[in-house]
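This report concerns only the one structure given below.
The values are calculated or read from the model by the stated rules, or taken from the named source; none is laboratory data. Predicted model, so just to flag it, every value in this text is computed and none were measured. Methodologically, a virtual Cβ is constructed for each residue, glycine included, from the backbone with ideal geometry; neighbour enumeration extends over all protein chains shown.
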4 protein chains.
Amino acid sequence: MCRWAAWRGAPLFLEDILVKPAHSLIAQSNGAKHTVNQTHGDGFGVAWYGERPEPGLYRDVLPAWSDRNLKSLAGQIRSPLFLAHVRASTHGATARENCHPFVNGRWSFMHNGHVAEFSRLERRLESHLSNMLYQRREGATDSELLFLLAVQMGLSRDPAGALSAVVALVAEEAAVIGVATTIRLTCAFSDGRTLFGVRYASEGEAPSLFVGESVDGITLASEPFEQPGCEWRPVPPMSFVTADERGTAIRRFDPLAQRFAMTA
Amino acid sequence: MCRWAAWRGAPLFLEDILVKPAHSLIAQSNGAKHTVNQTHGDGFGVAWYGERPEPGLYRDVLPAWSDRNLKSLAGQIRSPLFLAHVRASTHGATARENCHPFVNGRWSFMHNGHVAEFSRLERRLESHLSNMLYQRREGATDSELLFLLAVQMGLSRDPAGALSAVVALVAEEAAVIGVATTIRLTCAFSDGRTLFGVRYASEGEAPSLFVGESVDGITLASEPFEQPGCEWRPVPPMSFVTADERGTAIRRFDPLAQRFAMTA
Amino acid sequence: MCRWAAWRGAPLFLEDILVKPAHSLIAQSNGAKHTVNQTHGDGFGVAWYGERPEPGLYRDVLPAWSDRNLKSLAGQIRSPLFLAHVRASTHGATARENCHPFVNGRWSFMHNGHVAEFSRLERRLESHLSNMLYQRREGATDSELLFLLAVQMGLSRDPAGALSAVVALVAEEAAVIGVATTIRLTCAFSDGRTLFGVRYASEGEAPSLFVGESVDGITLASEPFEQPGCEWRPVPPMSFVTADERGTAIRRFDPLAQRFAMTA
Amino acid sequence: MCRWAAWRGAPLFLEDILVKPAHSLIAQSNGAKHTVNQTHGDGFGVAWYGERPEPGLYRDVLPAWSDRNLKSLAGQIRSPLFLAHVRASTHGATARENCHPFVNGRWSFMHNGHVAEFSRLERRLESHLSNMLYQRREGATDSELLFLLAVQMGLSRDPAGALSAVVALVAEEAAVIGVATTIRLTCAFSDGRTLFGVRYASEGEAPSLFVGESVDGITLASEPFEQPGCEWRPVPPMSFVTADERGTAIRRFDPLAQRFAMTA
């Protein structure tokens, strides 16, 4: 189980979320509360939007708490929209290519959760990628593959629809080969303008997700941390979150229910 | 173009090939002669056979010349059969997963050369892997995929036949989609008992390969280095080399000629 | 607070202590019991004695639990005497040069504990090194400096005397500049023949130390782990442990008490 | 011999010097022209001034040409004043702490050259640091020590005077212990407002230094690269360069001549 936090609002130094707050993301990397695994030392990453449409990306394999480059960058880079992640690995070695966020064109994506029985499903899922997106896959994680599938399925046109389609695809492929899978998907992603979030599990408990609102902007995070003037509330399971200049909208996200409803 | 060296014979400290000789493999990593690219700073690796059937594997992303761990290990580990490689990348990022040698069960493999138009062929080639071998692929190199295809095609039963089949497969898949590829394949591989080598190019010049023989054993290498009592000679293009306790045998390796002959 | 384990006896694969046992050293790196800090992700190292008088040394900055090189090496290297360490940093960045063990000639050394107010004492302590040993200092830890001071003060002639002299020196220098220091020193060191250990604190509780004895050899460790036929017992504070072919000898180690006694 | 480049002027993306130009700094890292050593693969670093008085710092041990983080950062970070360096090591291991630039408060510093017989002089030179600056030394290079000595000797009040004093100090300490040293010092440093450079050798040839001037600003570099509208000229040996909003001023820098003149 990983930990992550994302910001959309007035330009903020990365350190205002990663370093300075009590229970900041880096503090969480060495002592998380809302998960059984307290240590997130298998690499980290941050994607931020600046002057260009494509985000910057800094990922490395050291624990976030001990990387001095990250501390320096977090004190220099100020951005109105960024995603930051500390990893506790489930699939894939500790390698930069397996660290979140993942980036494709303008889009960035990070994930907490996993697809059960992924090793039996990976190949069938990968076959749905176009040749171009297949070539873009650099690591071995389920998360990166889910992201590329979402790109494939229209992330830029219809973000919620694309994520729904990915969940449905995983369920269908699992059904085809008779694998009992569970999809746990608490993720954040962005095109540089809007920040999106999902809290979902196909069964059992969905990994935690909190939204924090202040006059300066909106935070999505695995768990709350100290932020002046910020009101935190938990996002209910089966939710799709949209954060833009109008504020936060949360609507129901339950792709398999919809599918069964449609096929009924 | 990478540089590599392999040893089979009396147990030798790794440093006797990697560090100590004039123009040793580590020296070559920062000043090779038989290639246009003199610098091989994109990682390195060594696989060696010891007390167990499976080889040990040490790979890292630093240039070989600056890794102190490598120097210490090379002075402690003594082995009758080992493969060592310094990388100048063509496909794939500088990551441990993309460093040679690659290991699967008892087999180790390393490669100098490349498959032209690999990005257009990769997916079709990968589809020939069993699910199990597909899961074993960790990096993004053409080399690792060629190795896993060789495992798939019977490397343990018939090494020369398996390598031939891989070359033929690449040519066939390229023909199917109308891609003009060239396969350059100068590689070494072993099951822990016999050391095999290939020097091959489907057209143009095959990357260099030399065999060195002494009373203590046999060296295969991209380029010769100073080794007491060792007689070096170039291996001709289109060769398959077998080195075991009876010495070195070199026979013709020209899979596409054979294929055309057989189909004539 | 770090965790470490050392072995002297019949040649053992490193993995028999680092990887395989329940609560092995690598398992401790992500969940220690006998310390407030459960996570030891700031690098690791192992020094082992093989065919040469000088030990091999492998250190890196990743958490021990995620380094694949370490796992492979631990399954290949078999040694009658080795020291292994996982780090939770107090002084010095996460860098290979700050990872234990430290090596000087035939001697290796690793440490759990620290010198309070080290930054005020470091320079005065360093001034006691010979020019040659000063040049050998590569990192910024108190541990490496304590080791080099012990070398300076006759480690090879009289190990217990040299460690005593180091503790006395720290206390004296602290007294000279009026700094209230505390020395916590639970360490292991070896010349390749005998394994030595110390459990000491100038005040308060000394970091834990356990000795495990079996027919095959002797283990010294920060905390016990599952080892067949091994009898574990805690080493009392203020102890100097000598493990050689005759077994384990524990004697009192209280350098400041002795000093005061002598001056009385 | 290292390679470096520094910019002062209109805000520029780092990639406009590090990546995009023909013979850019990253291209130089794998094929320099004005030095015998063509490969600079022993780490790299960049210090840049942004919204804060203290510069940001990003250093790592990979060759610059293969670090994806560097490429991404160079495309996102835009700065009116930055220093970038690729290393070919002379003193000190390949470690982040030994990579240039070095930073202290508002000041950044990077260096090409070296102090001959440094290992015999290091300790005497280090003794001139205040306790505070002694604690700030993190690596083992002559370069970092020269920088900290310059800070000690009044860098912020009188940059040229401080550098002169450092050169004189090295010469004096060498004379005291009868060591024949040579000081080669081609360096750049800044307080975030003015960019300074030195090209100096106490004897023999000083490492190369070029200044490039365009309407947008001033570049100092080990060797020229393609930059639109930029006029490059070599800086003569024994020079101190000051680049600020008024342009480039070059004056004679020959500390030992001055010293002998003064003592005559």
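Numbers below:
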item: Filter pass, D:Val86 being over 24 Å from D:Arg52 (Cα atoms), more than 13 Å from the chain's Cα centre (by Cα) and of a type in the set (Val, Ile, Thr); result: no
item: Any pair with Cβ under 7 angstrom, 6 or more apart, that starts in segment C:18-36 at a residue that is over 22 Å from C:Leu73 (Cα atoms) and ends at one that is assigned to a loop (DSSP other than H, G, I, E, B) and modelled with pLDDT of 90 or more; result: C:Ala32/C:Glu223; C:Lys33/C:Glu223; C:His34/C:Ser208; C:His34/C:Ser222; C:His34/C:Glu223
item: Within segment D:41-93, tally of residues that are more than 12 Å from chain A (Cβ to nearest Cβ), of a type in the set (Val, Ile, Thr) and buried (at least 21 other Cβ atoms within 10 Å of the Cβ); result: 1
item: Residues being surrounded by fewer than 24 Cβ atoms within 10 Å (Cβ to Cβ) and either of a type in the set (S, T, N, Q) or in contact with a Lys or Arg (Cβ under 7 Å, 6 or more places away or on another chain) (or both) - total across segment C:178-206; result: 9
item: Count of segment D:212-227 residues which are surrounded by 21 or more Cβ atoms within 10 Å (Cβ to Cβ) and closer than 20 Å to D:His100 by Cα; result: 5
item: Residue count for segment C:33-63, restricted to those that are within 17 Å of the chain's Cα centre (by Cα) and of a type in the set (A, V, I, L, M, F, W, C); result: 5
item: Hits in segment C:208-223 (condition: in contact (Cβ under 8 Å) with a residue 60 or more places away in the chain and part of a strand (DSSP E or B)); result: C:Gly217, C:Ile218, C:Thr219, C:Leu220, C:Ala221
item: Lone unmet requirement of (1) touching a helix residue (DSSP H, G or I) at 6+ places or on another chain (Cβ under 8 Å); (2) small (Gly, Ala, Ser); (3) surrounded by fewer than 24 Cβ atoms within 10 Å (Cβ to Cβ); (4) modelled with pLDDT under 90 for D:Ser24; result: (4)
item: Segment C:156-186, residues that are outside any helix (DSSP H, G or I) and farther than 24 Å from C:Met1 by Cβ; result: C:Ser156, C:Arg157, C:Asp158, C:Ile177, C:Gly178
item: Segment A:125-159, residues that are of a type in the set (A, V, I, L, M, F, W, C) and either surrounded by fewer than 17 Cβ atoms within 10 Å (Cβ to Cβ) or touching a Gly at 6+ places or on another chain (Cβ under 7 Å) (or both); result: A:Met132, A:Ala140
item: Options D:Glu205, D:Glu226: the member that is of a type in the set (Asp, Glu), assigned to a loop (DSSP other than H, G, I, E, B) and touching a residue at least 60 places away in the same chain (Cβ under 8 Å); result: D:Glu226
item: Tally of residues being within 14 Å of chain C (Cβ to nearest Cβ) and over 14 Å from the mean Cα position of the chain (by Cα) across segment A:98-135; result: 0
item: Subset of segment B:228-260 that is among the hydrophobic types (A, V, I, L, M, F, W, C) and within 26 Å of B:Ala27 (Cβ to Cβ) - its residue that is surrounded by the most Cβ atoms within 10 Å (Cβ to Cβ); result: B:Ala243
item: C:Val241 vs. criteria in contact (Cβ under 8 Å) with a residue 40 or more places away in the chain and under 17 Å from the mean Cα position of the chain (by Cα); result: yes
item: Failed item, numbered, when B:Phe196 is tested on (1) over 23 Å from B:Gly154 (Cβ atoms); (2) assigned to a strand (DSSP E or B); result: (1)
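Residues are listed down the side, and each one gets a yes or a no for (1) touching a Lys or Arg at 6+ places or on another chain (Cβ under 8 Å); (2) of a type in the set (Asp, Glu); (3) modelled with pLDDT of 95 or more:
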position: C:Trp7; (1), (2), (3): no, no, yes
position: C:Asn37; (1), (2), (3): no, no, no
position: C:Gly43; (1), (2), (3): yes, no, no
position: C:Val61; (1), (2), (3): yes, no, no
